[in-house]
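Quick note: the coordinates plus some simple rules give every number you see, no bench work behind them. If you're wondering where the values come from, they're calculated on a predicted model, not measured in any experiment. Virtual Cβ from ideal backbone geometry, glycine too; neighbours counted across all protein chains shown.
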Amino acid sequence: MGFFKRAITSVTRKIGKTSILLALVFVLGNVIAGAISIEQSIRNTENSILRGMVPVTTVEIDWSKPNLDYDNIRNITVEQIERLGALEMVEYFDYSNSSGLTSKTLKRYTDPNASTPDRPINEPGYEETVWFRIIGGQSGEIMDRKMNKIRITDGREPNDEEVSGAKNVVVISKQLAELNNIHVGSVFTLETEIYKYNIDYDIVVPDIPYEPPKPEKILEFEFTVVGLFERVGPPPSYNPNDMYNYMEMERPNNMYASNNVIKSINDIIIMENKQVNPEMDYGYETQYYTPFFILKDMDSVTVFSDESKAILPDYYRVLDNTSKFKEVTAPMENMSSIAMIILWVGIGASLLILSLLITLFLRDRRHEIGIYLSLGERKLKIVGQVLSEVVVISIIAITLSLFSGNIISGILSNSMIENQVIAQQQAEGNSPGYVYREYNILESMGYNTEVTLEDLADQYNVSLGADIILSFYAAGILTVLVSTLIPILYVLRLNPRKILM
């Protein structure tokens, strides 16, 4: 009779011991299966969301670094930005400059949801001079459009001729155009005021009314509208405690042009300021550009960060658009860490308990093993019989625990996530007011991840995927095989004469 047939016969005849081993592996298997299911489901949920994201990075000075040498901090150059953009993992890149101009004739668009008791919307005479931000780009393609933050509803983006010729053409929002009776082809004027800076202006003398300074010059810039845009998706709700929310609401007041236009405007402003204030030191004559890099996939973020170190100036860092995602997934990461701890504790307990149990079972079978040895059976075949018995019972128990452990882990993990969502909602509801967050240019531009814990909870699902099944069987069978090492050593040391005497 072959050793495997003997193993099957032993399993079916010794129902008591078989049941004990089966129950023990089943219980331990539930622990291991549950831990693997939770950890793998969390990874699958996060990866599913990450695959739907557009990976965007930028570079900026890391002001949190200790011992910053402010005298040697340099702006990143166009040449360095283009070298970064030429890296293999970069799909598209752009760099942007900006300028701010005012108007006494145009009205700013204010979202109806943004009204507050102390700031009525469009009140007559409110803010006679309003401010508009003009955002540049290296090409006519608008980065916000590529990031699906806006869409062109009428007209077009600036063409190559307008970009290279630094022509003052802009794309404005549909809301701003309708508010000011502007359409594609309209021309409007924005301006900026040049003041003579004098320390005396800051001195307030009692009983003498303060008179604000008058501008020395008013510079006017004419712009032609070549396109209209509107925001993609619903407008954000007003939140006075969220700086980034406010900047997102300001999107309809943004105007889009080219970097060449912005540079031309800024150069004129600096030149005029120098003439009015020749004693002033204008250390900002070099144009500052904010770069944006769209990568081919989320896996490229780490590679891009590593390869950029050889190109970036000192004190710079790479910032990607997963920071908010990492904040949102922090509770799930904690749950994943707990699952991994349970997994390793379960494996450790399984190794210890199964090793002791199998050893005890083999001690009761010393005479049976002694007879096999006295009949000339090789020890390796006896070891094969023991392994076959344990593996057959374990596979049955592991298969049963795979399903039950998956169900239990699904119930427990969903309950934990629901509690996390409720706790977060309560914390947000009890928030005392503005909560400081480190400034993030990607978040302020709306390029960061718009994912909430509720989104993760909706997508989270514990199911028996191929990765979970393979991981569990590999972990379970490997644990059982390692658990038989000590019993195998026991069998190999047995002497048939001593057993049968």
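Some notes on this structure:
- For Ser98, the amide hydrogen comes within under 5 Å of the amide hydrogens of Gly136, counting only partners 5 or more places away or on other chains and with H modelled in the peptide plane.
- The residues Ser483, Ser471, when put in order of fewest to most other Cβ atoms within 10 Å, stand as Ser471, Ser483.
- Cross-link table Lys146/Lys167; Lys146/Lys263; Lys167/Lys217; Lys104/Lys263; Lys104/Lys146, entries beyond 26 Å C-alpha to C-alpha: Lys104/Lys146
- For Val59, the amide hydrogen comes within under 5 Å of the amide hydrogens of Leu319, counting only partners 5 or more places away or on other chains and with H modelled in the peptide plane.
- Taking other C-beta atoms within 10 Å as the exposure proxy, Glu193, Glu88 rank Glu88, Glu193 from fewest upward.
- Label-to-label distance, Asp160 versus Ile20, with points set 7 angstrom from Cα along the beta-carbon direction: 8.3 nm.
- Gain in span if fully extended, Tyr288 to Thr153, counting 0.36 nm per residue against the direct Cα distance: 45.6 nm
- For the pair Asn47 and Trp131, a Förster radius of 45 Å applied to the C-beta separation gives a FRET efficiency near 0.55, rounded to the nearest 0.05.
- Hz values of 3J(HN,Hα) by residue in region 351-357 - Karplus curve (6.51, -1.76, 1.60), Gly and Pro given as x: 4, 5, 5, 5, 4, 5, 5
- Around the amide H of Phe93, modelled in the peptide plane, lie the amide H atoms of Ile294, all under 5 Å away and 5 or more residues distant in sequence or on another chain.
- In this rough spin-label picture, where each label sits 7 Å from Cα along the Cβ direction, the Asn414-Thr77 distance is 5.9 nm.
- In this calculation the C-beta distance from Lys65 to Val232 is compared with R0 = 30 Å, giving a FRET efficiency of 0.25.
- R0 of 41 Å, Cβ-Cβ distance Leu400-Ala330: FRET efficiency to nearest 0.05: 0.75
- For region 90-113 versus region 11-67, the spacing of their alpha-carbon centroids is 45 Å.
- In this simple spin-label model, placing a label point 7 Å from the Cα along the Cα-to-Cβ direction at both Ser139 and Tyr473 gives a separation of 4.9 nm.
- Straight-distance candidates among the lysines for linking to Lys379, with alpha-carbon spacing under 28 Å and chain neighbours fewer than 8 residues away dropped: Lys5, Lys14, Lys17, Lys498.
- Ordered by the count of other Cβ atoms within 10 Å of each Cβ, fewest first, Asp320, Asp297, Asp71 give Asp71, Asp297, Asp320.
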